[in-house]
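Please treat every number below as a calculation from the coordinates, not as lab data. These figures come from a predicted structure and were not determined experimentally. Every residue, glycine among them, receives a Cβ derived from its backbone with ideal geometry; neighbour counts consider all protein chains shown.
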């Protein structure tokens, strides 16, 4: 099952990932990070397809995408 | 557990100085990925230009030489001629490449220098505060075109990728955008091809990357990203304008 | 390697021959009279040694190609004159700011503007005071013969590599265009620091950055003090000059380059009439031979500076002489017909002495 990890200290809250995700699984938090940016958060892991669009579009390379291998 | 997407290894693991939503970061990432795919970072020399792109050395694990404003293609020529076995690229903005450095880019291209040029077109001078660039759109307001670019007074924006593709010395010329996943896939392929031309010693390769500059456009990142698709791409069409060897 | 057989060549050719002998790998230039013999010679001869010759699209591009080649650690040079040297100032400033070595040959012609192609020394200030922005100096060597065009070009490469400061060979259209017999001495390598700073690809190791941008707190100031100390070291170790008939002189003429040749003849004319005149010829214009002048002027109090301008080096002579020495000036601004004759300078000597 794929999932993403967002580096909250790198995220600048631009929101490009929120529109890139075809399933709309990413949204902007209302809590700012250390630099004052309202960072992106990942919701609803069940529906993630691992398409990587969110990571590809992130200008700050703040998103890493993983896939748990099937046993 | 498999990593489906991770940071390119040629890219340093640091925070960039770029504003939120600035496409420089995305373009840096694609350049790094192209270097990774050929395993060439250790033999690559980057020619940084003047503007937001000057800090190349802070973001890439490569040797970098700083160039005066607009002169990166001449500096890259000197580097490549002195060390023909190295991979050399310049990374330049639109004021740098299409205004003050027009002569240098056209002649480096015409000589068919064995280099790769990454040209970031965001329709404005970013670092200096959003002045009118040679690529500023007709009617676009900037700090030196407060009533919008008047094409009668200032002429129309340059289409550099098409212009350079007309020179015999150019082996590859393409325009890309990083505003959507679909365009990023094309962009990744084009940037990789642009480096492949050099790796295979097949000639001068040019990439024009359309980019958003939310801060100087006075837009939030999402609106700025939309502008790339709605306003820029219709004037600056994406595509490959020259591909001598069909790489 | 050149044979030691004498050769009868132009000054410009001597520069090009010496550059190849000193290990020039990349030349980038642009045609302009009266220096075009240099690119012409190198376009023919440099590729035979495996070197690169490019005629660039402009002097701006050529100095920036020099910047790029130098950044990789090879010996590289460019040459030009007046208007072209003005265009190169941007790149020279960047190279000075990036501590990059290179050789720039300036075969001075008259100006300002398009001026003319006659011999001039009116670019002394531009060459020695930092012709571009930012407050820097470059090494400036002033030959006065075709032999010195050869020898000082080789020295320029060594000094530039040793101190990581661009070096200029400052001559003029007479020296560039005239032919003399020279001995093409072989280049003898001196111990030089390795160029560990050069950009050649990291090879997976340490990253090298060649840059002139300093934004951190105190960084820019520290750079300036570092270079200031290096300029002082240059002055102490590398100041060069020649004295002729100065030991008993009542009057010393200070002149460099082509003017020093005319002055030397005038000194000989004066000596023949029993007038005790000597010649002080700076060979390095930066560093300026202040100590040589200070020392000589502690004994000889009367100085006459002669230049092909309305007076530029005379400023440095005045700053260098002992406080009670008197410095007068005789100049002919550059242009067709303004080169002084030995008789003319001899008359100036008589005016000073009698």
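Below is a table of values for the structure above.
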quantity	calculated
From the C-alpha gyration tensor of segment C:204-354, square roots of 5λ in Å	39, 17, 13
Rounded, prolate or oblate (a/c below 1.5 giving rounded, otherwise prolate when a/b exceeds b/c) for segment C:34-158 by Cα gyration tensor	rounded
Gain upon complete extension [residue C:341, residue C:206; 0.36 nm per residue less C-alpha separation]	42.7 nm
Proportion of all alpha-carbon pairs of segment C:122-196 beyond 22 Å (%)	32
R0 of 51 Å, Cβ-Cβ distance residue B:182-residue C:219: FRET efficiency to nearest 0.05	0.70
Segment C:123-137-segment B:206-247 distance, computed between alpha-carbon centres (Å)	42
Difference of contour (0.36 nm per residue) and Cα-Cα distance, residue B:144 to residue B:166	4.8 nm
Shape of segment B:11-120, Cα gyration tensor, a/c cut at 1.5	oblate
Antiparallel DSSP beta bridges within segment B:24-243, as percent of all bridges there, nearest 5	20
GNM flexibility winner over chain C from C:256, C:288, C:329 (Cα, springs under 10 Å)	C:329
Distance in nm between pseudo-label sites at residue C:55 and residue C:248 (7 Å out along the Cβ direction from Cα)	5.7
Förster-model FRET efficiency, 60 Å R0, residue C:6 and residue A:67, C-beta, rounded to 0.05	0.15
Angle in degrees between helix C:219-238 and the longest Cα principal axis of chain C, rounded to the nearest 10	50
Dmax and Rg, reported as Rg then Dmax, of segment A:2-67 (C-alpha, Å)	10.7, 31
Segment C:68-222: radius of gyration over Cα atoms, expressed as a fraction of 2.2 N^0.38 Å	1.14
As computed over segment C:134-281, the Cα convex hull volume per residue (Å³)	176
GNM flexibility winner over chain B from B:222, B:210, B:97 (Cα, springs under 10 Å)	B:222
Cα gyration tensor shape for segment B:1-53, rounded if a/c is under 1.5, else prolate or oblate	oblate
Relative contact order %, segment C:201-354, counting alpha carbon pairs below 8 Å whose residues are six or more apart	22
GNM top mover of C:265, C:128, C:33 - chain C, alpha-carbon springs below 10 Å	C:265
Footprinting exposure proxy for A:23, B:201 (fewest neighbouring C-beta atoms within 10 Å first)	B:201, A:23
Cβ-derived FRET efficiency at R0 56 Å, residue A:41 paired with residue C:324, nearest 0.05	0.10
Folded to 0 to 90 degrees: helix C:82-97 orientation relative to chain C principal axis, Cα	60
Taking C:105, A:39, B:170 and counting other C-beta atoms within 10 Å, the order from fewest to most	A:39, B:170, C:105
Dimensionless Rg/Rh of chain C - Kirkwood Rh, Rg from C-alpha atoms	0.98
Relative contact order of chain C, pairs being alpha-carbon contacts under 8 Å that are 6 or more residues apart, as %	18
nm² value of the averaged projected area, convex hull over the Cα atoms of the protein assembly as shown	34.5
Stretchable slack from residue B:14 to residue B:127, in nm (0.36 nm times residue separation minus alpha-carbon distance)	38.7 nm
Among beta bridges that DSSP assigns inside chain C, antiparallel share in %, nearest 5	25
Percentage of interatomic Cα-Cα distances in segment B:24-243 larger than 27 Å	25
Fraction of beta bridges assigned by DSSP in the protein assembly as shown that are antiparallel (%, nearest 5)	35
Chain B, relative contact order in percent, only Cα pairs under 8 angstrom and at least six apart counted	19
